[in-house]
Structure formats: C-alpha cells, structure tokens
Amino acid sequence: MNIPSVKNIYTLGRAGIISMLLLTASQARGQESADKIITVVGRNRIILQSEIEKMFMEAKLQDPTLNDTMKCAMLQQSIMKKMLLEQAERDSLLVTEEDVDGQLDNRLRYFIQMYGSKEKLEQMSGKTVYQIKEEFRETIREDMVAEKMQGQILENSKITPAEVADFYRRIPLDSLPFFPAIVEVGQIVINPTVSPELEEYAHSTLEGIKKKIIDSEITFENAAIRYTDDPGSRDNGGRYDGITRTGPWAPEFVAAAFKLQNGEISPIFKTKFGFHILQMINRKGDEADVRHILIKPAVSTADFKVAIAKLDSIHTLLTTGKMGFSEAVGKFSTDEGAKRTGGMIADPNTGTTELDITKLDPGMVLMLDSMKQGDFSKPHIFLNELHEQSCRIVYLRNRTSPHKANLRDDYSRIQEVALSQKKATKMQNWIKAKLPTFYLWIDPAYQNCNSLKELVKTINSEQ
C-alpha cells in the first residue's frame, strides 16, 4: 500500500478552492441527491461519496486525462487523514485558532491577488470573504491537525549513507532516471546606490501626485494607474486587499496602513522599494484593503558604474584567492536572501541548490556555457526577480552533464527519494499497527480498489 504524505494529500483541493466555489447549483444538487456514506473511521468520522466526487472534479479541471481509478487513491488518502485525526484526538493534539486564521488568510490573500480584488473574488464565488473563510475553516483545521500528527509520527525519521547506498543498489539499471545537466550557481549582488538628488526628485514627484489627489484633480485610483511604479497593482488602481500585520509586506508599509482611517491618505514613507503613499479603503480589525502608489528613485548610469567598479575589486579578491566566495557574499552582497544561502541560488520550493539548468533563465544559461567549474563571471548588469536592473558576479560551483542517476553526482536526490520511501514505510507500519484499534468500514463498491486492498484485507482479518 503506497502511503502518501498528508502534507500533499489536498494539494489539488487547495489549489482548486476557487473551482470548488464555482461548482454550479445543478452539480451540487446532483451530488446531494446521490450522496451516501462510503467510509466510516473511528466513532464518527465519515467520508461521503460527494466528497470524493468533488475532489475528483477539482483534479479533473487541472488534468483532464485523469480516470475514475483516481477516486480510489483519493479515498485512500481521505481514510489516512481520518485515521490521523482520530489519533490526534486520542492524543489531545490541537492547533490554535490563530494558526487556522493565519492559514485561511494566506490562502485568501493568494486568491484575492489572483483575481485582482476582494470584490472580484466575491463576485466569482457568489460568497463574501467571511463566508468563504467559514466554509473552509474546518477543512483547514483538519488538514493542519492531520499534518501535525503525521509530523509527530515521522519526526525522528533519518537515513544513513549506508541505507542510501543500499536503496540505490536495489534500483534496476534500466530503471535509473536520466537527469539533465545540473548546476550549483551562486552570485554576489550589489544594488546601485541611488544618489541623494534622484531620491529627492522621486520624493518631490510623489508629493506632487499626492497634492493633485488632495486637490481633487485626480482620484487616487486613477493616479495609481497613471503614475505608480508598482506593476503588481497598477492595472488594479493600486489596490491591495487583505493586508494583515503578519503578511509578506514591508514593515513600513504595514505600519503606515494601520495608522489610517477609512478614506485617509498616509504621509509619504520609504521602504526598500522606494517612496509610497497609501489610501485606506476599508479596515476591519486586523485586516485592511488599501490603494497604493509607489515611486522608485531612478538609478543613473554613474550609479551603475560605481557598483560595477566595486564588483571589479571583489572579482580580483576572488580570482586571486584572497577571499572566499561565501566570505565575499557576507561582506559585500546587498541581497539579504542570498546571504542566508551563502550566495548560492536555491530552488524556492525545495531549498536545494542543485538546479536543473533548463529551468534557469536563458541569459544565465548562455553565461554558464562559457564558464568552467569554479569560475567567476565578470561583473555585469542583470534583471533581478523584481525585474529591476542590478549588478552581480556569478560563481559556478559545480556542474554535471546529462547522465543516468549515480551516487557520486546525485547523492542528495537519491537520499531524498530514499528518505521519502523510508517515511512511507514507517507510515504504513503505523497504520498496520493502529488499524486494529480503529473501527473502519468501507463500502463494498470500493473494496476492489487496488490502493485499498491492504486496508480491506486487514478489515476482513479482524472480522
């Protein structure tokens, strides 16, 4: 029996929250009329046929090639979640309402940004944000409790190098995956320092815009469309909904927002992005909807020349061996995120610094093509993740050619898969050990599912 991770069980469901909300009334009525209990776990944890159908519909929207066998896997995942919830209740394992609210806020913030505004989200779903939060509160809470329970079960799971090697040796040669070129790349970034004159010019420009708004020459919304340097909010009239004190916002932005009353406009304030003004649209407790105008100080050619000259000096220190790369990153880089990884570029989803070269931007790939392992590039101007020009030196720490998986070049990848399998086995053993202590009933219509055969076998052996 393949035991999936609870952390990933409802990935499709979470990503499909909006599609769930957009199910037509006729679909919902059709599900209700045919609804029935198909599984019972423990004293009162039931799984309805409509729940599996809904999960399948969400997944089908994202992958139309899925067939009905996926419903068996979804039921298996749902049973596992119910077992974890039952055990968590026995162990008095809880999550706080604050944590649940935080998760709900994060999910809603994502969808509000995706749809452009809270009003558009509410219009598309036919529900208020409050109704959406309450509808999904229990689902989110259960997800968090189940994940926490699984975390406790697996918290001491480790794998030794000998186990990794044994796992690798057991893979048939013709089943070894073929990996593309993998690189480990670092960079030292220096953002050009803006001259005081250009900072003052940006500040005075925003003062002029604010005066036009106050004098009713232009609305805040139209001013944002016309003047803001924030591409993320320009087309939406500078609007950001669902601002919270704990969100991914600059601290100065949050501080300015929560000083405002509805309709009020903030004084000009500065963040690392530039100069801002805010207008409060609507504030409800610790959540706020605002409009925003950003003016970024321009960077002159002379400012770039200063940054490149500094990087030239750093390049000399690196190539002559007078300073190591990680030391130079810590001492000179203006990219705080890079400092946490020693300057190495990491995959934001996995945290690994071993990157598939085909997923890098074409400019980086072209540069790396002419570099040898251990080389440093010449200082150059590039576009950062905010699509702004900055300056950097690139370091190629390691590169592997396209190849079949092997322990020397791919140890960390193989280790990750081996550990995942070890955790899956541990979860499987936990389920086998705990199953006799749970009441479990599965509708006969689903007992022929391949993914449920082990569970069904255990049920039958207990009867």
Please find, within segment 371-404, the residue that is surrounded by the fewest Cβ atoms within 10 Å (Cβ to Cβ) out of those that are in a strand (DSSP E or B) and of a type in the set (Lys, Arg).
404
Of (1) in the same structural domain as residue 88 (by TED's automatic domain parsing); (2) under 28 Å from the mean Cα position of the chain (by Cα), residue 413 satisfies all except one. Which?
(1)
Take the residues in segment 118-140 that are touching a helix residue (DSSP H, G or I) at 6+ places or on another chain (Cβ under 7 Å), within 18 Å of residue 286 (Cα to Cα) and not charged (D, E, K, R); name whichever of them is modelled with the lowest pLDDT.
129
Reported set for segment 250-289 where residues are surrounded by 15 or more Cβ atoms within 10 Å (Cβ to Cβ), closer than 22 Å to residue 199 by Cα and modelled with pLDDT under 90 is 273
Which residue, of 352, 358, is in a helix (DSSP H, G or I) and of a type in the set (Val, Ile, Thr)?
358
Could you grab me the full set of residues in segment 256-313 that are more than 25 Å from residue 207 (Cα to Cα), charged (D, E, K, R) and without any contact (Cβ under 8 Å) to a residue 24 or more places away in the chain?
284, 305
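Residue by residue through segment 219-232, note down the ones that are buried (at least 21 other Cβ atoms within 10 Å of the Cβ) and in a helix (DSSP H, G or I).
Hits for segment 219-232 are 220, 223, 224.
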Enumeration of residues in segment 436-446 that are crowded, with 17+ Cβ neighbours inside 10 Å and in a helix (DSSP H, G or I):
446
Would you pick out the residues in segment 43-73 that are of a type in the set (S, T, N, Q) and either at pLDDT 90 or above or over 25 Å from residue 87 (Cβ atoms) (or both)?
49, 50, 62, 65, 67, 69
How do the pairs read when you match residues in segment 61-80 that are surrounded by 12 or more Cβ atoms within 10 Å (Cβ to Cβ) with residues anywhere that are of a type in the set (Phe, Trp, Tyr) and part of a helix (DSSP H, G or I), using Cβ under 7 Å and keeping only pairs 6 or more apart or on different chains?
70/56; 71/56; 72/446; 74/56; 75/446
Scan segment 94-116 and tell me whether some residue there is buried (at least 19 other Cβ atoms within 10 Å of the Cβ), over 23 Å from the mean Cα position of the chain (by Cα) and not charged (D, E, K, R).
no
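I need the full set of residues from segment 361-379 which are of a type in the set (D, E, K, R) and either within 19 Å of residue 332 (Cα to Cα) or not assigned by TED's automatic domain parsing to the domain that holds residue 323 (or both), in order please.
375, 378
Within segment 263-274, which residues are under 28 Å from the mean Cα position of the chain (by Cα) and not hydroxyl-bearing (Ser, Thr, Tyr)? Lay out the reasoning, then the answer.
Residues of segment 263-274 that are under 28 Å from the mean Cα position of the chain (by Cα), as a first pass: 270-274.
Of everything in segment 263-274, those that are under 28 Å from the mean Cα position of the chain (by Cα) and not hydroxyl-bearing (Ser, Thr, Tyr) turn out to be 270, 272, 273, 274.
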Do we find a residue being modelled with pLDDT of 90 or more and out of contact with any strand residue (DSSP E or B) (no Cβ under 6 Å at 6 or more places or on another chain) anywhere in segment 453-463?
no
Near pairs, Cβ below 7 angstrom, 6+ apart or cross-chain, from segment 126-142 (closer than 26 Å to residue 82 by Cβ) to any residue that is outside any helix (DSSP H, G or I):
141/95
I'm checking my understanding of the structure. Among residues of segment 168-201 that are under 30 Å from residue 396 (Cβ atoms) and of a type in the set (Phe, Trp, Tyr), which one is surrounded by the fewest Cβ atoms within 10 Å (Cβ to Cβ)?
178
Of (1) crowded, with 19+ Cβ neighbours inside 10 Å; (2) of a type outside the set (A, V, I, L, M, F, W, C); (3) modelled with pLDDT of 90 or more; (4) under 30 Å from residue 229 (Cα atoms), residue 204 satisfies all except one. Which?
(1)
Residue 347 versus (1) touching a helix residue (DSSP H, G or I) at 6+ places or on another chain (Cβ under 6 Å); (2) assigned to a loop (DSSP other than H, G, I, E, B): which is the lone unmet condition?
(1)
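Could you pull out the residue among 92, 175 that is free of Cβ contacts under 8 Å to residues at least 60 places away in the same chain and under 30 Å from residue 407 (Cβ atoms)?
After applying the criteria, what remains is 175.
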Quick count over segment 351-385, residues being out of contact with any Lys or Arg (no Cβ under 9 Å at 6 or more places or on another chain), touching a residue at least 60 places away in the same chain (Cβ under 8 Å) and under 30 Å from residue 298 (Cα atoms), is 4
All-but-one check, residue 245 against (1) surrounded by fewer than 21 Cβ atoms within 10 Å (Cβ to Cβ); (2) under 22 Å from the mean Cα position of the chain (by Cα); (3) under 26 Å from residue 384 (Cα atoms), failing number (3)
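The values are calculated or read from the model by the stated rules, or taken from the named source; none is laboratory data. Everything numeric in this text was worked out from a predicted model, so none of it was measured. A quick note on method: Cβ atoms are made from the backbone with ideal geometry, for glycine too, and the neighbour counts reach across all protein chains shown.
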